[in-house]
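> Got a structure for you, questions after.
The values are calculated or read from the model by the stated rules, or taken from the named source; none is laboratory data. Values in this document were obtained by computation on a predicted structure and should not be read as measured data. Neighbour counts run over all protein chains shown; Cβ positions are idealised from the backbone, glycine included. Keep in mind that these areas ignore ligands, DNA and RNA; they rest on the heavy atoms of the full protein, side chains included. Shrake-Rupley method; radii C 1.70, N 1.55, O 1.52, S 1.80 Å.
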Amino acid sequence: MPLDHTTQTPAATSQTDEARRQIEICNACRYCEGYCSVFPAITRQRAFADGDITQLANLCHNCRGCYYACQYTEPHEFAINLPKALAEARADSWERFAWPGFLAGPFHRSGVAIAVALIVGLAALFWAAQALKPAGGEGFYAVMSHTIMVSIFTPAFLLPLLAIFVGLRAYWREVGGQPVSLAHLKAAFADAVKLKNLSGGAAEGCNFEKGDRFTNVRRWHHQAVMYGFLLCFASTGSATLMHYLLDMPAPYGLFSLPKLLGIPGGLLLTLGGLGMAVLKTRGEKDLGAPALWGGEMAFVLLLSFTGASGLALYAATGTAAVSVLLPLHLGAVLTFFLLAPYSKMVHGFYRLAALVRDAQQKS
């Protein structure tokens with residue numbers, strides 16, 4: 001059931017109020033009912049509390065199809081720009097839910113500078129740590145101790161996950177989430193794996209970079225990044241299991257599971273990230289959240305660099321270049337982990353939660 005319109009939270013912001021104004025106009029018009037999941041969700045209720053706005057904002061994928069179909073965009077006095085209104089409400093929700101909260105804003109405002117500074121700084125630390133390398137060891141472990149890498153990356157992986165969990169719990173409370181069933185998860189993951197909301201109402205794609213022309217290019221690049229990341233994660237996971245459960249430490253051969261997952265994953269992550277970066281330069285900034293453009297660009301470039309540095313490191317196996325490329329790649333990976341709760345990376349968690357909540361509201 002939708003929240004009552006009078007249930008306002010203390011966190012109500014100007015972004016939320018503007019999004020609510022536009023959504024109420026959309027709910028009266030209903031021309032875009034055949035577009036993404038946002039519009040069927042709008043038509044299920046008459047009044048919109050702050051939690052409803054947060055849910056709709058995170059359900060939106062900023063495909064921009066509704067903007068180019070709308071008859072009430074400027075110069076009409078309604079001045080409808082729903083992609084921008086929801087993008088700003090969405091970013092506002094991420095900042096409010098971030099934990100610790102003071103870390104949320106800086107990356108959005110100075111993303112590129114922070115990412116570059118962290119990669120360089122952390123790479124320098126990893127380079128210095130090579131002085132503690134063991135007397136023996138093969139592959140990467142001949143350059144850097146396995147114990148050092150595990151000691152750094154275990155908390156660097158777990159602490160960001162804790163921060164994201166705290167944020168998701170606050171999100172779930174605000175949107176009025178209910179206990180999750182297997183059917184809700186099945187429906188949400190079915191939409192997520194296909195990126196259904198980037199397909200447009202007629203599966204012709206979105207209007208992100210081509211104005212009023214539909215294209216699936218952004219969906220394909222987004223899928224490359226998503227599946228590339230998942231393959232890289234699976235590669236690391238399989239290597240961990242092989243090391244600890246099967247007593248099979250690295251290095252691994254070309255036809256081993258970590259390499260069969262990691263190489264295509266790195267290629268997809270690198271190419272998909274570069275494609276997303278190019279599309280961002282072609283898209284109209286004012287149909288998103290202009291203040292966050294730099295942080296979003298920093299995120300996709302970081303993803304691409306992480307994939308590319310991993311591939312370069314593998315290509316350099318057995319050469320002196322490993323002593324330079326290994327710290328650089330580890331610095332990029334650690335930067336990615338540390339920034340995950342405060343960068344665009346967090347959108348994947350909130351969008352999945354929004355899809356689960358949407359499945360609940362439809363059932």
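> Of a type in the set (D, E, K, R) and open to solvent by 40 Å² or more (accessible area, probe 1.4 Å): does that describe residue 351?
It is false that residue 351 is of a type in the set (D, E, K, R) and open to solvent by 40 Å² or more (accessible area, probe 1.4 Å).
> Still on this structure, please answer the following. Hey, can you tell me all the residues within segment 18-43 that are surrounded by 14 or more Cβ atoms within 10 Å (Cβ to Cβ) and in a loop (DSSP other than H, G, I, E, B)?
Once the filter is applied, which keeps residues that are surrounded by 14 or more Cβ atoms within 10 Å (Cβ to Cβ) and in a loop (DSSP other than H, G, I, E, B), segment 18-43 yields 32, 35, 36, 37.
> Let me ask you something else. Within segment 105-122, take every residue that is open to solvent by 30 Å² or more (accessible area, probe 1.4 Å) and over 18 Å from the mean Cα position of the chain (by Cα) and give me the one that is farthest from residue 331 (Cα to Cα).
Among those that are open to solvent by 30 Å² or more (accessible area, probe 1.4 Å) and over 18 Å from the mean Cα position of the chain (by Cα), it is 113.
> Do you know which residues across segment 262-271 are open to solvent by less than 40 Å² (accessible area, probe 1.4 Å) and either small (Gly, Ala, Ser) or out of contact with any Cys (no Cβ under 9 Å at 6 or more places or on another chain) (or both)?
262, 265, 266, 270, listed by residue number.
> Residue pairs, Cβ under 7 Å, 6 or more apart or interchain, first in segment 290-314 and closer than 30 Å to residue 83 by Cα, second of a type in the set (A, V, I, L, M, F, W, C) and not in a helix (DSSP H, G or I). List them.
Cβ pairs passing all conditions: 299/345.
> Out of the residues in segment 225-261 that are polar (S, T, N, Q) and over 22 Å from residue 193 (Cα atoms), state the one that is surrounded by the fewest Cβ atoms within 10 Å (Cβ to Cβ).
240
> Can you list residue pairs whose Cβ atoms sit under 8 Å apart, with the first residue in segment 14-40 being aliphatic (A, V, I, L, M) and the second being assigned to a loop (DSSP other than H, G, I, E, B)? Count only pairs 6 or more apart in sequence or on different chains.
23/48; 25/72; 25/78; 25/80; 38/60
> Just to check your reading of the model, which residue among 189, 208, 214, 165 is farther than 18 Å from residue 350 by Cα, open to solvent by 60 Å² or more (accessible area, probe 1.4 Å) and of a type in the set (Phe, Trp, Tyr)?
One residue alone meets the criteria, 214.
> Within segment 264-363, considering only helices (runs of 4 or more DSSP H) that don't extend past its boundaries, which have at least 3 residues that are within 30 Å of residue 186 (Cβ to Cβ)?
293-315, 346-362
> Please find, among 78, 102, the residue that is more than 21 Å from residue 293 (Cβ to Cβ), at pLDDT below 90 and surrounded by fewer than 24 Cβ atoms within 10 Å (Cβ to Cβ).
102
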